[in-house]
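Asks: Right, I'll just put the structure down here and ask away after.
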Amino acid sequence: MNTKRILLIQGHPDPQGAHLCHALLQAYADGAAAAGHELRRIEVAQLDFPILRSAAEWEQSALPGCLLAPQHDIEWAQHLVLFFPLWLGDMPALLKGFLEQIARPGFAFHDDDNGGFGKKGLSGRSARVVVTMDMPALVYRFYFRAHSVRSLERNVLGFVGISPVRETLIGMVDKLDADAARKWFGKMRALGAKAD
């Protein structure tokens, strides 16, 4: 099996950790490390960056210093795995702010000569999105059509060239017992081993 360079992005905004998202990331990391893959991690909650407030800031201001290493990690990676809880039907605001800061012109994409968005800057990478939620995952997927995850996949990851993007939706986490949690950790270890 070919080894891969995997970047794990923890998008839970609580800097104290110890949530299901953290345990899922660790299980994935354990499986990937045991299979010989190279790993790096980004803990978004540990980063101190401002929220972008205008198009001019996004296009022209300097990237905050604490985000230079995460940008390098994304360049390094062949496969990205994002972990986050569903909050108010979407990713937490801190993770969205992180992605807005990181996905700057000249890095995530490059203008073409006609002024449009020409070249995708992060092509050649794949991703998996792991999302926890209190509602049943099937309700989110089929009734709500997984709208926020689809938007992330199409409008952020796909826009910058990351493909394919797969997803793992874990529902009813408020009622997850130890046995069910162990099964999810096993699934994460298996995905990590395959770098999927």
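The values are calculated or read from the model by the stated rules, or taken from the named source; none is laboratory data. Note that the structure is a prediction, hence the values are computed from the model and not measured. All Cβ positions, even for glycine, are placed from backbone atoms using ideal geometry, and neighbour counts span all protein chains on display.
Asks: How many of the residues making up segment 53-68 are surrounded by 12 or more Cβ atoms within 10 Å (Cβ to Cβ) and under 25 Å from H22 (Cβ atoms)?
Replies: Going through segment 53-68 one residue at a time, the tally reaches 3.
Asks: I'm trying to understand the selection: among the residues of segment 1-29, which are closer than 25 Å to K175 by Cα and more than 17 Å from the chain's Cα centre (by Cα)?
Replies: Within segment 1-29, Q16, A18 meet the criteria.
Asks: Take segment 43-66 and flag every residue that is in contact with a Leu (Cβ under 7 Å, 6 or more places away or on another chain) and without any contact (Cβ under 8 Å) to a residue 40 or more places away in the chain.
Replies: C66
Asks: Free of Cβ contacts under 8 Å to residues at least 12 places away in the same chain, assigned to a loop (DSSP other than H, G, I, E, B) and surrounded by fewer than 14 Cβ atoms within 10 Å (Cβ to Cβ): does that describe R154? Before the answer, list the steps.
Replies: Details: free of Cβ contacts under 8 Å to residues at least 12 places away in the same chain: yes; assigned to a loop (DSSP other than H, G, I, E, B): no; surrounded by fewer than 14 Cβ atoms within 10 Å (Cβ to Cβ): yes.
Judged against the criteria, R154 is not a match.
Asks: May I ask you to say which residue of A18, A45, A34, A27 is out of contact with any Ser or Thr (no Cβ under 9 Å at 6 or more places or on another chain) and modelled with pLDDT under 95? Write out each step before concluding.
Replies: Working: A45 fails: modelled with pLDDT under 95; A34 fails: modelled with pLDDT under 95; A27 fails: modelled with pLDDT under 95.
From the options A18, A45, A34, A27, the qualifying one is A18.
Asks: Could you tell me which of the residues S61, S54 is modelled with pLDDT of 95 or more, at negative phi and hydroxyl-bearing (S, T, Y)? Step through it out loud before you land on a result.
Replies: Working: S61 fails: modelled with pLDDT of 95 or more.
Step by step, each of S61, S54 is checked, and only S54 is modelled with pLDDT of 95 or more, at negative phi and hydroxyl-bearing (S, T, Y).
Asks: Identify, from the list F159, F109, F144, the residue that is surrounded by 13 or more Cβ atoms within 10 Å (Cβ to Cβ), farther than 25 Å from H22 by Cα, touching a Lys or Arg at 6+ places or on another chain (Cβ under 6 Å) and not basic (K, R).
Replies: On the way: F159 fails: touching a Lys or Arg at 6+ places or on another chain (Cβ under 6 Å); F144 fails: touching a Lys or Arg at 6+ places or on another chain (Cβ under 6 Å).
Matching residue, one of F159, F109, F144: F109.
Asks: Also: A77 passes all but one of (1) surrounded by fewer than 20 Cβ atoms within 10 Å (Cβ to Cβ); (2) out of contact with any helix residue (DSSP H, G or I) (no Cβ under 9 Å at 6 or more places or on another chain); (3) closer than 24 Å to L169 by Cα; (4) touching a residue at least 40 places away in the same chain (Cβ under 8 Å); which number fails?
Replies: (1)
Asks: Do you know which residues across segment 169-184 are over 17 Å from D90 (Cβ atoms) and either touching a residue at least 24 places away in the same chain (Cβ under 8 Å) or within 15 Å of the chain's Cα centre (by Cα) (or both)? Before you say what the answer is, go through the steps one by one.
Replies: Keep residues of segment 169-184 that are over 17 Å from D90 (Cβ atoms), which gives 172, 174-184.
Hits for segment 169-184 are M172, D174, L176, A181, W184.
Asks: Being under 19 Å from L68 (Cα atoms) and touching a His at 6+ places or on another chain (Cβ under 9 Å) is the requirement here; does L95 meet it?
Replies: Details: under 19 Å from L68 (Cα atoms): yes; touching a His at 6+ places or on another chain (Cβ under 9 Å): yes.
Here the answer is yes, as L95 does meet what is asked.
Asks: Limited to segment 173-192, what total is found for residues that are surrounded by 15 or more Cβ atoms within 10 Å (Cβ to Cβ) and either out of contact with any Asp or Glu (no Cβ under 9 Å at 6 or more places or on another chain) or not in a helix (DSSP H, G or I) (or both)? Walk me through it before giving the result.
Replies: Going residue by residue through segment 173-192, those that are surrounded by 15 or more Cβ atoms within 10 Å (Cβ to Cβ) are 173, 176, 181, 184-185, 187-189, 191-192.
Those still in the list that are either out of contact with any Asp or Glu (no Cβ under 9 Å at 6 or more places or on another chain) or not in a helix (DSSP H, G or I) (or both) too: 176, 181, 184, 187, 191.
Counting residues in segment 173-192 that are surrounded by 15 or more Cβ atoms within 10 Å (Cβ to Cβ) and either out of contact with any Asp or Glu (no Cβ under 9 Å at 6 or more places or on another chain) or not in a helix (DSSP H, G or I) (or both) gives 5.
Asks: From the residues in segment 87-100 that are out of contact with any helix residue (DSSP H, G or I) (no Cβ under 7 Å at 6 or more places or on another chain) and touching a residue at least 60 places away in the same chain (Cβ under 8 Å), which one is surrounded by the fewest Cβ atoms within 10 Å (Cβ to Cβ)?
Replies: Among them, the one singled out is A93.
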